[in-house]
1. Cβ under 13 Å from residue 108's Cβ, residue 108 left aside: what net charge do those residues give with Lys, Arg +1 and Asp, Glu -1?
2. With each pseudo-label sitting 7 Å past Cα toward Cβ, what's the residue 31-residue 171 distance in nm, one decimal?
3. What full-extension length gain, to one decimal in nm, is calculated for residue 58 and residue 41 as 0.36 nm per residue of separation minus the Cα-Cα distance?
4. Full-extension gain between residue 91 and residue 77, please, as 0.36 nm times their residue separation minus the C-alpha to C-alpha distance.
5. Under 18 Å from a point placed 7 Å out from the Cα of residue 98 along the Cα-to-Cβ direction: which residues of the stretch 28-66 have their backbone N that close?
Amino acid sequence: MIRSIVLSLALLTPLPALAHNVISSVFPSGKDIEGEVGFSNGDMAVDLLIEVFDEAGTKLGETRTDADGFFLFTPTEPVTHIFRGDLGAGHVAEVLMAANEVAELLGQSIATPAASASGQAATVSADTALSDQSRAELAAMIRNELRPLRQELTAFKNKSNFQSVLGGIGYIFGLFGLGFYIAALRKMDNNT
């Protein structure tokens, strides 16, 4: 009887999911928006269709991920960009870049609520000492150097940490304690 109770408790106990999380991010890259899509276990989404929408749901364009799970998109409007990719099996990556960040990429200015209240618009200066070609080359070099770091950082965020492991062990001991408590109650009932 005690075995059946312990077995029932063990079967009813929620187990940690053996799945992995979708990771996705976007960041400025010169005049483009670069992003990555993959899974927390390190598998990256290869040749995945990424659709780009604005906040109203209007499709702005699409792009595809490369062999490393990265994609590049060139914005044309200073609006919020929502990047969405369907990885299958219920996994959907969705990440956005705010309109003010897109406006900075385009070298444009948009009015912010605080600036509108005072009658001033936020401005973005496009004057730099670098030519467009030099800036693009520099952005490509930095992007290529930072890719592995970004991937490692995202994977690190999604891994189990020591505190989670200790919590799981405590959970298991708690279940055993509950089983022993129930067994002791039954033994006391049988002795009376």
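Taken together, the values in this text are just the output of simple stated rules run on the coordinates, not laboratory data. Not measured: the values here are computed from a predicted model. Glycine gets a Cβ as well: all are built from the backbone with ideal geometry, and neighbour counts include every protein chain shown.
1. Net of charged neighbours comes to -2.
2. Label-label distance for residue 31 and residue 171, simple model: 5.1 nm.
3. Taking residue 58 through residue 41 to full extension adds about 2.9 nm, to one decimal.
4. 2.2 nm
5. Of the residues in the stretch 28-66, 28-29, 33-34, 54-56 have backbone N under 18 Å from the label point off residue 98.
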